Amino acid sequence: MAEKLAPEKRHKFVHNGQKVFEWDQTLEEVDMYIDLPQNVPKKLFYCKIQSKHIELGIKGNPPYLNHDLSSPVKTDSSFWTLEDDIMHVTLQKRDKGQTWASPIPGQGDLDAYSADVEQKRLMLQRFQEENPGFDFSQAQFTGGCPDPRTFMGGIRND
């Protein structure tokens, strides 16, 4: 049932007509997807994840991304992999349930409508996680949605 509440599609950050990265999020993680250039040996790619900063690129060149993150992450459980010509970066949210407008402030921020849709989806994920015997995949909110991180005493971490 929880998979029904997974992100339906990735958000894209496009600059000057070129896709810079795609991303999505769950209650616990933000995932970034960066297309890798062709004909570059995989061992030359790198990614440094710090609590509030990310840097990635090709060794010996200026970084492709070198930016502060929208919110702090847990560095010990954040990681990156190379999968079929895509760098997949998984950022573990320090504040579980926090809705991110974008992994990097000012780069592909969600518009107000999309941010509301994300917050509602994360709230339903929270309900599903806390009540595994129920199916919230068809549930809907009318009006504003509470913050999934703080609603009714906040998220349990057990």
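The values are calculated or read from the model by the stated rules, or taken from the named source; none is laboratory data. Just so it is clear, the structure is predicted and the values come from calculations on it, not from any experiment. Note that we place each Cβ from the backbone using ideal geometry, even for glycine, and neighbour counts take in every protein chain shown. The protein model used for the area step is the full one, side chains on, heavy atoms only, and it has no ligands, DNA or RNA in it. Shrake-Rupley method; radii C 1.70, N 1.55, O 1.52, S 1.80 Å.
With respect to the numbered conditions (1) on the phi < 0 side of the Ramachandran plot; (2) surrounded by fewer than 14 Cβ atoms within 10 Å (Cβ to Cβ); (3) at pLDDT 95 or above, which one is the sole condition not fulfilled by residue 60?
(1)
What single numbered condition from (1) open to solvent by 90 Å² or more (accessible area, probe 1.4 Å); (2) touching a residue at least 24 places away in the same chain (Cβ under 8 Å); (3) in contact with a strand residue (DSSP E or B) (Cβ under 8 Å, 6 or more places away or on another chain) fails to hold for residue 38?
(3)
Tally up the residues in region 80-106 that are assigned to a strand (DSSP E or B) and out of contact with any helix residue (DSSP H, G or I) (no Cβ under 6 Å at 6 or more places or on another chain), please. Let's see the steps before the verdict.
Quick first cut of region 80-106, residues assigned to a strand (DSSP E or B) only: 80-83, 86-93.
Among the residues that remain, those that are also out of contact with any helix residue (DSSP H, G or I) (no Cβ under 6 Å at 6 or more places or on another chain) are: 80-81, 83, 86-93.
Residues that pass the stated criteria total 11.
Which of the residues spanning region 133-158 are surrounded by fewer than 10 Cβ atoms within 10 Å (Cβ to Cβ) and not in a helix (DSSP H, G or I)? So that I can check it myself, show each step before the final result.
Keep residues of region 133-158 that are surrounded by fewer than 10 Cβ atoms within 10 Å (Cβ to Cβ), which gives 133, 138, 140, 142-144, 152-153, 156-158.
The answer is 133, 138, 140, 142, 143, 144, 156, 157, 158.
Could you please let me know if residue 77 is of a type in the set (Gly, Ala, Ser), open to solvent by 20 Å² or more (accessible area, probe 1.4 Å) and in a helix (DSSP H, G or I)? Let's see the steps before the verdict.
Working: of a type in the set (Gly, Ala, Ser): yes; open to solvent by 20 Å² or more (accessible area, probe 1.4 Å): yes; in a helix (DSSP H, G or I): no.
In short, no.
Is it true that residue 50 is more than 13 Å from the chain's Cα centre (by Cα) and at pLDDT 90 or above? Working first, answer last.
Working: more than 13 Å from the chain's Cα centre (by Cα): yes; at pLDDT 90 or above: yes.
Judged against the criteria, residue 50 is a match.
Within the bounds of region 73-96, is there any residue that is without any contact (Cβ under 8 Å) to a residue 40 or more places away in the chain and of a type in the set (Gly, Ala, Ser)? Write out each step before concluding.
Keep residues of region 73-96 that are without any contact (Cβ under 8 Å) to a residue 40 or more places away in the chain, which gives 74-81, 83-84.
Now restrict to residues that are of a type in the set (Gly, Ala, Ser): 77-78.
Yes, that holds for at least one residue.
If you check residue 129 against the conditions, is it acidic (Asp, Glu), open to solvent by 50 Å² or more (accessible area, probe 1.4 Å) and at pLDDT below 90? Quick ask: steps written out before the conclusion?
Working: acidic (Asp, Glu): yes; open to solvent by 50 Å² or more (accessible area, probe 1.4 Å): yes; at pLDDT below 90: yes.
Criteria met by residue 129.
Do any residues in region 46-60 that are without any contact (Cβ under 8 Å) to a residue 40 or more places away in the chain have Cβ atoms under 6 Å from those of residues that are open to solvent by 100 Å² or more (accessible area, probe 1.4 Å), where the two are at least six apart or on different chains, and which pairs are they?
46/59; 55/48; 56/64; 57/64
Look at region 107-131 and say how many of its residues are in a loop (DSSP other than H, G, I, E, B) and free of Cβ contacts under 8 Å to residues at least 24 places away in the same chain.
The initial filter retains those residues of region 107-131 that are in a loop (DSSP other than H, G, I, E, B), namely 107-111, 131.
With free of Cβ contacts under 8 Å to residues at least 24 places away in the same chain added as a condition, the list becomes 109, 111, 131.
Residues flagged as in a loop (DSSP other than H, G, I, E, B) and free of Cβ contacts under 8 Å to residues at least 24 places away in the same chain within region 107-131 amount to 3.
Run down 91, 110, 82, 122 and say which single residue is open to solvent by less than 50 Å² (accessible area, probe 1.4 Å), at pLDDT 95 or above and touching a strand residue (DSSP E or B) at 6+ places or on another chain (Cβ under 9 Å). Can you show your working first?
Working: 110 fails: at pLDDT 95 or above; 82 fails: open to solvent by less than 50 Å² (accessible area, probe 1.4 Å); 122 fails: at pLDDT 95 or above.
Matching residue, one of 91, 110, 82, 122: 91.
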